[in-house]
Amino acid sequence: MDHIKLKPKEEIEKSFFHIPFWIAPDKHLFLSRSERFTKLAKLEKSDWKLYLQLLAGLSRVQHGLLADADAVVPELKRNETASMLNVHNTPIPSCFTPMLHALYERIKGELSDHMEQTWQRLLAMPVPDQEALARRLLQHEADVTDQEYSIWVHAVLQVIWTYWAMQLQETDVPSRDERVQCPCCGSDAVASIVLKSGEQENLRYLHCNLCNSRWNALRAKCTFCGNTKDMTLQSVEGVTEGALHGASGETCDVCQGYRKMFSLSKEQHADPVADDLGSLALDMMLGEKGYSRGGANPFLMMEKEVPH
Ligand SMILES: [Zn+2]
Ligand SMILES: [Zn+2]
């Protein structure tokens, strides 16, 4: 007869009540995002649906690139862990250009003529210029002429950084007070997500726009200026399905900023990147009320940064 070793009481309580500060990206993340983009495209009435369909295809290709990343992306070396991922001190890895070519090969059937021309210019650049472009885009130093390459370059960078973040353990990413930037890579959060199931019920996590990490942040506290008074959730009324159903803007009357929040109990398949692009009516509503958007989405072309 096997002896079952019981865990000490403290350990059981610790695991039951444990709230992870950091949650690693799921390996099926890009596939789920692709399915979500497809669903949101179906619900969209305007021509914006074409862009959502394109991003569904792009996310599907990202899933394939991530699945093949073992063979091309250098593994993280232990001891370097989270600090190695910081966008401010990590060089663009040499796998960037081959992955850019691989992305093109897999997406080229879905491109418009205009996009095809953009791609030809991008692929014709010397490798050092491609890497310099990637660095400018990562560090928000891009100029106007860089913007047309932005979604393709970001798509590859997301795969590389997500692959790295997936290799980290929870203990590699210690909790800290500063929660505006991603604790792994230093990038901005695209939005927050309120979890619904299991032990993290109702907790709010910010979602990284680059490495797809999630990190815990207090609800009802401004993620820009730290204000905890009079934070308000505002949403578009009368919507029963799709991104706007689960979306609200958390507005702060101290810094006049807002960040979007998506509730998984309302929309269980919400993805912060996809649902952000499916809920632009909320941005318009809050913009008209004088609030400035915070939370960069690399696939959103006309984003504004909250001054802080
Ligand atoms: Zn990150
Ligand atoms: Zn604020």
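The values are calculated or read from the model by the stated rules, or taken from the named source; none is laboratory data. Note that the structure is predicted; figures quoted are calculated from it, not measured. Because the Cβ atoms are built from the backbone with ideal geometry, glycine has one as well, and the counts that use them run over all protein chains shown. For accessibility, only protein heavy atoms count, side chains too; no ligands or nucleic acids. Shrake-Rupley method; radii C 1.70, N 1.55, O 1.52, S 1.80 Å.
Of note:
- Three-way shape label, the range 177-293, alpha-carbon gyration tensor, a/c 1.5: rounded
- Estimated purely from DSSP H runs of n ≥ 4, each contributing -39500 (n - 2.57), the mean residue ellipticity at 222 nm for the chain is -11500 deg cm²/dmol once divided by its residues.
- For Gln167 and Val254, the difference between the fully extended length at 0.36 nm per residue and the C-alpha to C-alpha distance is 27.5 nm.
- Which of Leu277, Ser263, Thr251, positive extreme of dipole for the range 232-301 (C-beta unit charges): Thr251
- Segment Ala132-Thr118, length gained on full extension (0.36 nm per residue, minus Cα span): 3.3 nm
- Backbone phi angles across the range 256-268, fed through the Karplus curve with coefficients 6.51, -1.76 and 1.60 (θ = phi - 60°), yield HN-Hα couplings of 6, x, 9, 10, 7, 9, 10, 9, 6, 6, 8, 10, 5 Hz in residue order; Gly and Pro are listed as x.
- Accessible area per residue in Å² at 1.4 Å probe, computed on the range 177-293: 39 Å²
- Solvent-accessible area per residue in the range 25-166 equals 48 Å², computed with a 1.4 angstrom probe and all protein chains kept.
- Of the DSSP H helices in the chain, those whose Cα atoms cover at least 27 Å axially and whose Kyte score averages 0.5 or more: 48-67
- Cβ-Cβ FRET estimate between Glu288 and Leu233, R0 fixed at 25 Å, reported to 0.05: 0.90
- Remark: accessible surface ordering of Arg179, Arg121 (largest first) is Arg121, Arg179, probe radius 1.4 Å.
- Rounded if a/c under 1.5, otherwise prolate or oblate - the range 15-164, Cα gyration tensor axes: oblate
- When the solvent-accessible area of the range 25-166 is split by element, carbon and sulfur atoms take up 55 percent of it, the probe being 1.4 Å.
- For the range 134-210 versus the range 32-70, the gap between their alpha-carbon centres in whole angstrom: 18 Å
- Dipole magnitude (debye, nearest 20) for the chain, charges at Cβ of Lys, Arg, Asp, Glu: 540 debye
- The chain: relative contact order as a whole-number percent, Cα under 8 Å and 6+ apart: 18 percent
- Label zone of Lys221 (point 7 Å out along Cα→Cβ, amide N under 12 Å): in the range 162-177 this covers 176-177.
- Average silhouette area of the chain, convex hull of alpha-carbon atoms, in square nanometres: 19.3 nm²
- Summarising the amide proton neighbourhood of Ser213: residues at separation of 5 or more, or on other chains, whose placed amide H is nearer than 5 Å comprise Cys208.
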